[in-house]
Amino acid sequence: MSGGQRQRIGLARALATMPRVLVADEPVSALDVSIRSQVLNLMKGFQAEFGLTSLVISHDLAVVKYLADRIGVMYLGKLVEEGRGEDIYRRPAHPYTAGLIAAIPEPDPTLERSKSIRGVVGELPSAVDPPSGCRFRTRCPIAREVCATVEPTLTRLSGSHRVACHFPLVLPGSAVAREHAPAGLTTLVPEDESDAIHSFKKTSTPMVSRCENDRTGR
């Protein structure tokens, strides 16, 4: 059997007991691009047909964006940002989230070269012995002293959008983008931090998404 056929069988087995929640860890990572779209459309159809809630874990930001109603971004085992897909992709509040989104390649070479943010710099620390305070501080362009001593907690910005950062790129209740915001991102930062946004380099780390069916509220 082909990879796509095996994946469909796996979905059928998972749905045989009519579950309310489906957990999918990298559901299409081993498939060809053409087969990926078929399996993703199948999963999205199951959400509507069975009122299914899906928890999707993936490195592929395109997969997350297509399937997710809500997205959680994790770094070294910690949830650093959570919110609706629109909030995460249009108004990323955590520097790590902004770097991940900026690392998505643009098909147009001109747009790709014009990016003001390029990804995430530095080496990934050990998950066994993570940095003190904020785990992202060793790679963060706006880290301050407090980031090394105090671990940030998830703080609500607006609605269901929450971020674990002492200096979030989006201010609570903000609606106007600052002039230095990178192209394609509605990034909002405090006035005194406008010089703290630097360029990133590319990286890849998982995003966790929760796909919910609006009819059931699950």
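From the list GLY45, GLY4, which one is free of Cβ contacts under 8 Å to residues at least 60 places away in the same chain, part of a helix (DSSP H, G or I), in contact with a helix residue (DSSP H, G or I) (Cβ under 6 Å, 6 or more places away or on another chain) and of a type outside the set (Ser, Thr, Tyr)?
Checking each option against the conditions leaves just GLY4.
Can you say whether PRO152 is within 21 Å of HIS59 (Cβ to Cβ) and under 19 Å from the mean Cα position of the chain (by Cα), as far as the supplied structure shows? Spelling it out, it is not the case that PRO152 is within 21 Å of HIS59 (Cβ to Cβ) and under 19 Å from the mean Cα position of the chain (by Cα).
Per the listing ILE104, ILE142, the residue uniquely in a loop (DSSP other than H, G, I, E, B), at pLDDT 90 or above and among the β-branched types (Val, Ile, Thr) is ILE142. Is it true that some residue in segment 23-35 is assigned to a helix (DSSP H, G or I) and buried (at least 16 other Cβ atoms within 10 Å of the Cβ)? Looking through segment 23-35, at least one residue is assigned to a helix (DSSP H, G or I) and buried (at least 16 other Cβ atoms within 10 Å of the Cβ). A single entry from THR203, THR97, THR187 fulfils the requirement of being at pLDDT below 85, buried (at least 20 other Cβ atoms within 10 Å of the Cβ) and within 23 Å of VAL64 (Cα to Cα): THR187.
The values are calculated or read from the model by the stated rules, or taken from the named source; none is laboratory data. Please read these numbers as outputs of a predicted model, since none were measured by experiment. Backbone-built Cβ (ideal geometry, glycine too); neighbour counts: all protein chains shown.
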